[in-house]
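To keep things clear, I will list the structure first and then write my remarks on it.
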């Protein structure tokens with residue numbers, strides 16, 4: 001997820017994703033947002049940081065620890 005625009009991109013390979021994370025400062029998501037999520041309503045982010053303006057990822061994009 002791009003923290004500046006909130007855009008979610010998918011990559012074909014793990015190497016391409018890791019390169020984009022390093023190059024563009026993207027936030028890697030464990031899974032796509034849940035369209036039934038009551039916190040983000042399927043957007044993948046819950047709001048913006050008031051100081052930096054970056055989007056804050058929702059917990060529905062992270063895998064549950066068991």
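The values are calculated or read from the model by the stated rules, or taken from the named source; none is laboratory data. Nothing here was measured: the structure is a model prediction, and the numbers come from that model. Here the Cβ is made from the backbone with ideal geometry for all residues, glycine too, and neighbour counts use every protein chain on show.
A few remarks follow.
- Pair list, Cβ < 9 Å and 6+ apart or interchain, from region 16-27 residues that are on the phi > 0 side of the Ramachandran plot and modelled with pLDDT of 85 or more to residues that are exposed (fewer than 13 other Cβ atoms within 10 Å of the Cβ) and assigned to a helix (DSSP H, G or I): none
- Residue that is surrounded by the fewest Cβ atoms within 10 Å (Cβ to Cβ) [pool: residues in region 28-54 that are assigned to a strand (DSSP E or B) and without any contact (Cβ under 8 Å) to a residue 12 or more places away in the chain]: 47
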